[in-house]
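Here the structure is laid out as structure tokens; the discussion comes afterwards.
What follows draws every value from the coordinates through simple rules; no lab data is involved. What you see is a predicted model; the values in this text were computed from it and never measured. Cβ sites come from the backbone with ideal geometry, for glycine too, and all protein chains shown count toward neighbours.
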Amino acid sequence: MSKQIFIFDTTLRDGEQVPGCQLNIDEKVMIAKRLDELGVDIIEAGFPVSSPGDFKSVEAVSKVVQNATVCGLTRAVKNDIEVAAEALKHAKRPRIHTGIGSSDIHIKHKFNSNRDGILERAVDAVKYAKIFVEDVEFYAEDAGRADLEFLARLTEAVIKAGATVVNLPDTTGYLLPTVMYERISYLMNNVPNVDKAILSMHCHNDLGMATANTIAGVQAGARQVEVTINGIGERAGNTSLEEVAMTLKVHKELDCYTNIKSEMLYPLSKLVEDTMRMPVQSNKAIVGRNAFAHSSGIHQDGFLKNAENYEIMTPQSVGVDKSDIVLTARSGRHALRHRLAILGFNIAKNEADGIYNEFLELADRIKEVNDKDLVDLMKELVVEV
Ligand code: KIV
Ligand code: ZN
């Protein structure tokens with residue numbers, strides 16, 4: 001039976017931590033409303049104790065979101081939890097996301113503690129958060145580098161304390177997908193009460209493997225994925241929402257579904273790009289400028305014969321108008337003829353080679369030939385229109 005994968009969006013929390021990407025309250029509310037329409041299941045709206053502005057944003061987002069759960073981050077600290085509960089009090093479905101470091105590196109160098117001490121603080125934090133809200137997610141920070149047996153003990157203990165979701169972040173973007181699969185499988189098989197909670201993937205992209213690691217975790221049994229629009233986030237970023245949503249949609253054999261309305265992905269990507277002043281790289285999967293652009297002669301010819309030759313999803317399925325054939329010196333005759341026909345130029349057979357050669361000369365000079373350049377060229381050549 002097809003499994004639902006819950007989409008937890010943290011654009012407004014982990015994404016917004018990026019220098020230069022800070023949003024004001026109105027901008028956060030606008031993005032939260034759009035995420036709600038997109039169909040995300042959980043919106044992490046901020047870290048309420050971190051500043052009065054973040055508190056107010058979480059409060060404002062809580063008031064407007066209609067469908068999604070609204071979540072606030074805390075450390076495993078009583079005051080953080082109280083402040084988060086207050087900020088979330090207007091949310092229809094509030095969630096507190098509390099946690100603590102779980103790797104020996106964090107335990108020693110951040111907390112100057114030991115595994116037992118961390119376990120006790122984790123359990124206390126979950127129990128305390130449960131006083132305020134039913135839905136409590138626990139994060140085991142740096143789980144990617146944590147001792148696996150300890151991680152299993154910690155997971156079991158926080159579930160017993162009432163955690164509804166256990167987040168296992170690869171905080172430093174360190175793991176390989178095969179290792180992520182093995183680690184999540186280990187937890188699925190060795191934590192006795194694992195079926196009482198949902199395991200969540202929260203990956204960072206330091207080695208460019210955030211999406212692959214997230215999907216590996218899903219294959220091993222995780223049911224929630226923590227993502228951001230455009231993969232925005234600390235350092236090399238978080239897992240990108242659009243990449244995970246489309247991977248789960250395109251790969252039917254994974255037998256998973258999400259509530260994401262994929263046609264809204266591109267417009268929302270643009271909104272986040274503009275509002276957060278964080279340009280999306282041209283070759284970014286799904287939403288980059290070139291994601292549906294074909295530029296070499298061989299690809300353009302194959303694409304024009306049948307789009308499926310070079311596209312695994314339609315541009316419309318992610319909200320992009322249409323694919324693009326970019327005319328450059330690498331383009332072939334087929335692409336040129338196709339574009340000229342769209343522009344209303346019917347080329348006689350005996351003129352085709354001459355026009356193609358003129359086009360190549362122009363393309364070598366100006367690199368990318370747009371419609372206006374082509375019309376100007378055709379006027380110069382005085383070809384019948
Ligand atoms: O990357 C991380 O570990 C986090 C946690 C605070 C959830 O963002
Ligand atoms: Zn993170």
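In summary, the convex hull built on the alpha carbon positions of the chain has an orientation-averaged projected area of 21.3 nm².
In the chain, Cα pairs under 8 Å separated by at least six residues give a relative contact order of 13 percent. Decide, for the range 204-314, between rounded, prolate and oblate: order the square roots of the alpha carbon gyration tensor eigenvalues as a ≥ b ≥ c, take rounded if a/c falls under 1.5, and otherwise choose prolate if a/b is larger than b/c, else oblate. Oblate. Couplings 3J(HN,Hα) for the range 236-243, derived from phi with the Karplus relation 6.51 cos²θ - 1.76 cosθ + 1.60 (θ = phi - 60°), are 7, x, 9, 5, 7, 4, 5, 5 Hz, where x marks Gly and Pro. Straight distance only, please: which aspartates and glutamates reach the Cα of Lys28 with their own Cα at less than 15 Å, same-chain residues fewer than 8 apart left out? Cα-Cα hits under 15 Å: Asp9, Asp14, Glu16, Asp36, Glu37, Glu44, Asp54, Glu59, Glu273, Asp274. Neighbour counts of other Cβ atoms within 10 Å put Met201, Met246, Met378 in the fewest-to-most order Met378, Met246, Met201.
Backbone phi angles across the range 107-120, fed through the Karplus curve with coefficients 6.51, -1.76 and 1.60 (θ = phi - 60°), yield HN-Hα couplings of 4, 7, 8, 9, 10, 6, 10, 9, 4, 5, x, 5, 4, 5 Hz in residue order; Gly and Pro are listed as x. Springs between Cα atoms under 10 Å define the GNM used for the chain, and in it the highest mean-square fluctuation of Arg333, Arg13, Arg153 occurs at Arg333.
Once you have a ≥ b ≥ c as the square roots of the Cα gyration tensor eigenvalues for the range 236-288, tell me rounded if a/c is under 1.5, and otherwise prolate or oblate according to whether a/b is larger than b/c. It comes out prolate by the Cα gyration axes.
Ignoring lysines fewer than eight residues from Lys379 along the same chain, the ones with Cα atoms less than 27 angstrom from its Cα are Lys349, Lys367. The eigenvalues of the Cα gyration tensor, multiplied by 5 and square-rooted, give the range 1-147 an equivalent ellipsoid with semi-axes of 26, 17, 16 Å from largest to smallest. Put the Cα centre of the range 6-61 next to the Cα centre of the range 77-137 and the gap is 19 Å. Converting phi to 3J(HN,Hα) with the Karplus coefficients 6.51, -1.76 and 1.60 and the offset θ = phi - 60°, the range 166-177 yields 10, 8, 10, x, 9, 4, 9, x, 9, 6, 8, x Hz in sequence order, with x at every glycine or proline.
Largest GNM mean-square fluctuation across Val136, Val194, Val58, computed for the chain with C-alpha springs under 10 Å, falls on Val194. Taking other C-beta atoms within 10 Å as the exposure proxy, His334, His294 rank His334, His294 from fewest upward. In this structure, the amide hydrogen of Asn167, modeled 1.01 Å from its nitrogen in the peptide plane, lies closer than 5 angstrom to those of Phe138, Tyr139, Ala140, Ser200, counting only residues at least 5 positions away or on a different chain. With neighbour counts taken as other beta-carbon atoms within 10 Å, the residues Asp135, Asp26, Asp147, Asp54 rank, fewest first, as Asp26, Asp147, Asp135, Asp54.
Over the range 164-268, what is the relative contact order in whole percent, taking alpha-carbon pairs under 8 Å and six or more residues apart? Relative contact order, the range 164-268: 24 percent. Taking a straight line from the alpha carbon of Lys372, these aspartates and glutamates sit under 18 Å away, with near neighbours fewer than eight places off in the same chain left out: Asp324, Glu358, Glu361, Asp364, Glu380, Glu384.
Here the Gaussian network model covers the chain, with springs between Cα atoms less than 10 Å apart; of Val18, Val40, Val70, Val18 fluctuates the most. Measuring against 22 Å, Cα to Cα, the residue pairs Lys3/Lys63; Lys249/Lys284; Lys3/Lys322; Lys89/Lys270 contain Lys3/Lys63; Lys3/Lys322; Lys89/Lys270 as the ones spanning a longer distance.
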